[in-house]
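Q: Below you'll find the structure I mean.
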Amino acid sequence: MNKHDSERVAGLLESSGLSHGPDIASADVVVFMTCCVRENADGRAMGQVASFKALKDVRPHTIIAVGGCVSQRDGSSLLRELPHVDIVFGTHNVGRLPELLSRAMAGERGVVEVLDGTNDFASDLPGVREHPWHAWVPITVGCDNHCTYCIVPRVRGPERSRTVESVIDEVTRLVADGVREVTLLGQNVNSYGRDLYGQPRFAEILSRVAATGVPRIRFATSHPKDLSDETIAVMASSPSICKALHLPVQSGSDRVLRAMNRHYTQSTYLSLVGRLYDAIPNLALSTDIIVGFPTESEDDFQDTLRVVREAHYDQAFTFIYSPREGTPAAAMEGHVDREVIQDRFDRLVAEIHSGATENNAKLLGTTQRVLVEGASRRDENVLAGRNEGNKVIHAPIPIGRRAEELAGTFVDVEITETHTWFLAGTIIG
Ligand code: 5AD
Ligand code: SF4
């Protein structure tokens, strides 16, 4: 969501006559888009903003703007800690940045605008896509769930859905503009439409997006409690919907899941996973896991390891529990020792690595359809792209071709090597 917001910020700034500079040190305007979901991200963003004090001292005319979730949470109090910041804007008013910028450029000090909510969607603003062939398409913003560890509902507000028409219009325009892959976005895409239509219409919007002819569709994130059999059936039957699903489990322990307010158990989660693999045998499943939620015991952690073994994840994002002020979990008793958490975290990561390595090994000798992203960062003679399971795949660039001209096209790669986090092979078509 932050990437999408950032693309809109870039689009707005370009429409206001600014252009992307060669480096930050020579920029006239610097915009930070922040995240506060965990202390780590929060601290890192604030550290970077703080380090710009030195730049501001030598280039006082540089405008520093801070947007995103930290701004939404802290509002004007951000200026007390970081007085060199010129603009603070929240998550609901990205579209107002040009106006706030012109006020700051006219000499106004400490421009702050943070709204409690809005009915506008950043998608309706001009955007500059990071890759011309990929687009983020929010279908909902905000979240109505109350996972006890999570700050998102506070900084992104209640869930609001875009209308079906607005989403389909945007995707149709994107396809005409050469987009090959869209990622539908929402904190919980499965409840899409509930606020507008009285019932979720995610399965429907998924099939309507497929009908636009966009070659590849991804979506994130799916809350396990709301993933319907209808959605699974649409995924299974539409060739353009990637057989990849991000299904955060957070914990494998029923007791911890209850304390997290997740509304499912280990057994309902695993039976959902079973139904998914039955319907979509080649599904690439990914997840988020929090280690060290208050009161988590070794037995609870063993339950998480059990889910990891049984769900055969291709990828898992693992997080050390981070207390967020104002969330119910931050006020709970039983915070777990740092060393205990680190030890569990290391064991969890080892389990995930071995599962992912095993899954990838099964792809040796297969042919994978790859959407090319460009040259690999490690080797300019090698192409990098992703298969529909979102796995990174490398292949030597064919003689006489250039990475830039292949970016955004599909190639077939026969897999000759498998690793934990990527596959490699040769282009056969
Ligand atoms: N501490 C650790 N991880 C968190 N997440 C959200 N809030 C916290 C927190 N307070 C993780 C969840 C979520 C992902 C986006 O971030 O796993 O799915
Ligand atoms: Fe946070 Fe839970 Fe909403 Fe995800 S579903 S954004 S974890 S409250």
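The values are calculated or read from the model by the stated rules, or taken from the named source; none is laboratory data. Being a predicted model, the structure only gives us computed values, none of them experimental. We place every Cβ from the backbone using ideal geometry, glycine too, and count neighbours over all the protein chains shown. Surface accessibility is based on the protein's heavy atoms, side chains included, excluding ligands, DNA and RNA. Shrake-Rupley method; radii C 1.70, N 1.55, O 1.52, S 1.80 Å.
Q: On alpha carbon coordinates alone, what is the Rg over Rh value for the range 2-113, Rh being the Kirkwood radius?
A: The Rg/Rh ratio comes out at 0.92.
Q: Please work out the Cα center distance from the range 415-429 to the range 161-211, rounded to the nearest Å.
A: Answer, in whole Å: 32.
Q: What is the chain's relative contact order, in percent, from Cα pairs under 8 angstrom and six or more apart in sequence? Don't skip to the answer; put the middle values down first.
A: Details: 799 pairs, mean separation 42.5, N = 429.
Relative contact order, the chain: 10 percent.
Q: Okay, next question. Of K3/K391; K3/K53; K243/K391, which pairs sit farther than 22 Å apart, going by alpha carbon to alpha carbon?
A: Long pairs (Cα-Cα over 22 Å): K3/K53.
Q: Take each of the peptides 35-44, 373-382, 6-15, 246-255, average the number of other beta-carbon atoms within 10 Å over its residues, and list them starting from the highest.
A: In decreasing order of mean packing, 35-44, 373-382, 6-15, 246-255 become 246-255, 6-15, 35-44, 373-382.
Q: Under unit Cβ charges (Lys, Arg +1; Asp, Glu -1), what dipole magnitude, rounded to 20 debye, does the chain have relative to its Cα centre?
A: Working: 44 positive and 57 negative charges, 70 e Å.
Approximately 340 debye in magnitude.
Q: Can you give me the convex hull volume of the Cα atoms of the range 128-361, divided per residue and expressed in Å³?
A: 132 Å³
Q: What dipole magnitude, in Debye to the nearest 20, does the range 2-113 give about its Cα centre under +1 on Lys/Arg Cβ and -1 on Asp/Glu Cβ? Before the final figure, lay out the partial values.
A: Numbers: 12 positive and 14 negative charges, 31 e Å.
Approximately 140 debye in magnitude.
Q: Still on this model: Provide the per residue accessible area, probe 1.4 Å, for the chain, rounded to a whole number of square angstrom.
A: Per-residue value: 45 Å².
Q: If one computes the Cα centroid of the range 91-146 and of the range 16-46, what distance in Å separates the two points?
A: First find each Cα centre; the distance between them is then 14 Å.
Q: With r as the distance between the Cβ atoms of E108 and R377 and R0 = 41 Å, compute the FRET efficiency 1/(1 + (r/R0)^6) and round to 0.05.
A: After rounding to 0.05, the efficiency reads 0.50.
Q: Right, next: Give me, ordered by chain and number, the residues 5 or more places off G90 or on other chains with an amide H under 5 Å from its own placed amide H.
A: Amide H neighbours of G90: E113, L115.
Q: Would you calculate a helix-derived [θ] at 222 nm for the chain, using -39,500 (n - 2.57) for each DSSP H run of n ≥ 4 and dividing by the full residue count, to the nearest 500?
A: Roughly -10500 deg cm²/dmol at 222 nm, from the helical runs in the chain.
Q: A further question on this structure: Averaged over every viewing direction, what's the projected area of the C-alpha convex hull for the range 367-428? Give it in nm², one decimal, please.
A: Its Cα hull, projected and averaged over all orientations, spans 3.8 nm².
Q: Can I ask one more? Go through the cysteines of the chain and tell me which have no other cysteine Cβ under 4.7 Å away.
A: C35, C143, C242
Q: Right, another one. Would you calculate the volume per residue, in Å³, of the smallest convex hull containing every Cα atom of the range 31-185?
A: On the way: hull volume 20.4 nm³, N = 155.
Taking the convex hull of the Cα positions in the range 31-185, it is 131 Å³ per residue.
Q: Find the percent of Cα-Cα distances in the chain that exceed 29 Å, and round it to a whole number.
A: 52 percent
Q: Run the accessible area of the range 2-113 with a 1.4 Å probe and give the carbon-and-sulfur part as a rounded percent.
A: 52 percent
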